[in-house]
1. Work out the charge dipole of segment A:335-471 with +1 on the Cβ of Lys and Arg and -1 on the Cβ of Asp and Glu about the Cα centre, then indicate which of A:GLN443, A:ASN342, A:GLY384 is farthest towards its positive end.
2. Over 26 Å between Cα atoms, which of B:LYS70/B:LYS92; A:LYS84/B:LYS93; B:LYS88/B:LYS141; A:LYS70/B:LYS101 qualify?
3. Could you name the aspartates and glutamates in cross-link range of B:LYS139, using Cα to Cα under 16 Å and dropping any fewer than eight places away on the same chain?
4. Measure out, as a whole number of angstrom, how far apart the alpha-carbon centroids of segment A:274-299 and segment B:47-125 sit.
5. Could you work out how far apart the two model spin labels at B:THR137 and A:HIS449 are, taking each label as a point 7 Å from the Cα in the direction of the beta carbon, and quote it in nm?
6. Name all residues of segment A:251-284 having a backbone nitrogen under 12 Å from the label point set 7 Å from the Cα of A:GLN467 along its Cα→Cβ direction, giving them as ranges.
7. Can you list residues from other chains, or at least 5 along the same chain, whose modelled amide H is less than 5 Å from the amide H of A:LYS126?
8. Nearest 10 degrees, 0 to 90: what angle lies between the long axis of helix A:3-33 and the longest principal axis of chain A (Cα atoms)?
Amino acid sequence: MNRVFAVAIAFAAMIGMAFALPAVAGAADAAKKGKGKKGKTVTVCKFGCKYKSVQKAVDKTGKNAKIKIKPGTYKEGVIVEGKKHNGLTIMGTKKKKPKRVMFNGRNAKYEDGNTAQNAIEGIDVKRLTIKNLSAKNYVANGFFLRDSDARDGDKSLDCKNYKVKNTYTSFNRAYNVFAFGCVGGKMTDSESTGTGDSAFYVGATPPQKKPKMTQIARNEAYLNNQAFSGTNSRYVDIHHNDFYNNGIGITPNTLDSEPYEPSGESVIRKNNIFWNNLNYYLDNSPVETTSSGLGEFLGTTINFPTGIGIVNFGVNDWTIKNNKIFGHFKWGTATFSDPIGNDGDDAISTDVRHKNNEMGKNGKDTNAADFFYDGSGSGNCWQGNSSSSFVPSGADNTPSVEELYPACPAPASAGTGGSGGDEDLQLVDLVGYVLADPPENQQCSWTEHPHPKFKKFKPFMVTPGPQGCPE
Amino acid sequence: MSPRRLSTALLAAIAGLALAVAVPSGVLAGPGSGSGPSAEVAKKKTPKKKIKVGDDFFAPADTKVKKGTKVKWKWLDSNFNPHNVTLKKGPKKLKKKQKRKLKSGTATIDFKFAAKLKKPGRYKFVCTIHSTVMKQTIKVKK
């Protein structure tokens, strides 16, 4: 070897090392965090695979593993618990046909003999991905992701950045896709129907200095009590979804019973929210309610309202913009607070901004009233919404419609500032509606009309309607 | 004693020993602990306490039981929300392993959880989903 050649090789080696070192260091860091290291890939199927049960495959794999499930029906309740499963992917092998890989909760049991509650429950797992799968008939939820110790002051944040993608969930008793106490996360490109509460739920989001938004995007939800709900949900970005034929389209709320009050700092944008007139209180409804309602008032149950696109129930800093909201027989959106029973008055609707929404399809498929507001809280505003019609203020026109529904930003004088609303027509209207007895009689105050065609969708109404409407 | 009887007796002795080793001294947890004739005899002697797990409460929320009582939690069919039974604080002498066993799965309906509380003292349980309102104290007497 001549000297020039040797120097050239040495130089090349040094260059190579210079480039290689950061990469190796990066890989080491990633491995240390458990992100970069590739995990096992195993396959589950009914016949001819090493694993016949998804739970057994989960138990035998570790971080960043991939569990591929072949078509078939799996009657089990899978529990994935702890950081040893961080980065796990559980996926069906039929990307274009997620219904072919079905978890069915009917008669499904845990190993201890108890009834399986969920198709998959992820507890304290970071980066858990569930995709190309279906789940139906579970007594609790389809896919349930949670932090085991979500409470004020908890800094462990063990449920983080989950993904639920390309799933079909149906007729799970409470929720189809449910996240509790988690940070970030995505529920996307999924279809969801038949729940007694919500198709998609994000609740008890821990407060964060640098918030990681939870994405609820490109989903389709129909025939549920609600398409999306979230008690004490924060940092949620709900966009490009089609939510229709539910009792309510979207309803964030605030409750004492769960940590991290209040719900807030979220966005609802560019969704189609329409025809949410499912009167699930009627006997012939394809779904029942599993919700206990909004509480009790003088011994009477305060039922969830129906026939509404979006209900903001005691929330702080939500922006509703650029949505198409139409064909609701009660209200397009409703904003009110919890005047009874919230310790510390955390459930006051504040800074709820309604901007540039296309309401009532420009008069072609109207909401009975585009907006309802009880006059509580402060900073709530309405601006640039097309085809707007408001539930008017009281008989004495105090406050006036302009005062009750101010443009953005709302003047300091707008709203009562507290949890109690305007004690005129709004409150009477709201109380009368949620205390309707029987609750199916909510429909008695609807303004119904046929819907014009919208894309591929078909409107659904429970028939017959209520038979006991007061004259 | 015939060889067959001897082997049966040996088997029974081994099984008894295995059971004695398998059951932790402080706590026995699980939905279906105990079966067979000898377990039935034990069952008759073991005091029991039933607790309802509802939306969003334990009933009774506070109770006193004798040492060694088998506490059985049952989730109500009328529930809408998910709940669990999780020990937040137990008697000082309770070992970590035993504490870990005092944690049920999270469930909505059609679910049971049982634990035998052998160490005297106060056991404070919560549902971690509704920890602000679902609290329970069981005082185990000597």
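Please treat every number below as a calculation from the coordinates, not as lab data. Only a predicted model underlies this, so the values are computations on that prediction, with no experimental measurement involved. All Cβ positions, even for glycine, are placed from backbone atoms using ideal geometry, and neighbour counts span all protein chains on display.
1. A:GLY384
2. A:LYS84/B:LYS93; A:LYS70/B:LYS101
3. Filter leaves B:ASP62.
4. 32
5. Reported label-point gap for B:THR137 and A:HIS449 is 6.1 nm.
6. The answer is A:283-284, whose backbone nitrogens lie closer than 12 Å to the label point.
7. It is A:ASN86, A:GLY87, A:LYS160, by chain and number.
8. With rounding to tens, the tilt is 40 degrees.
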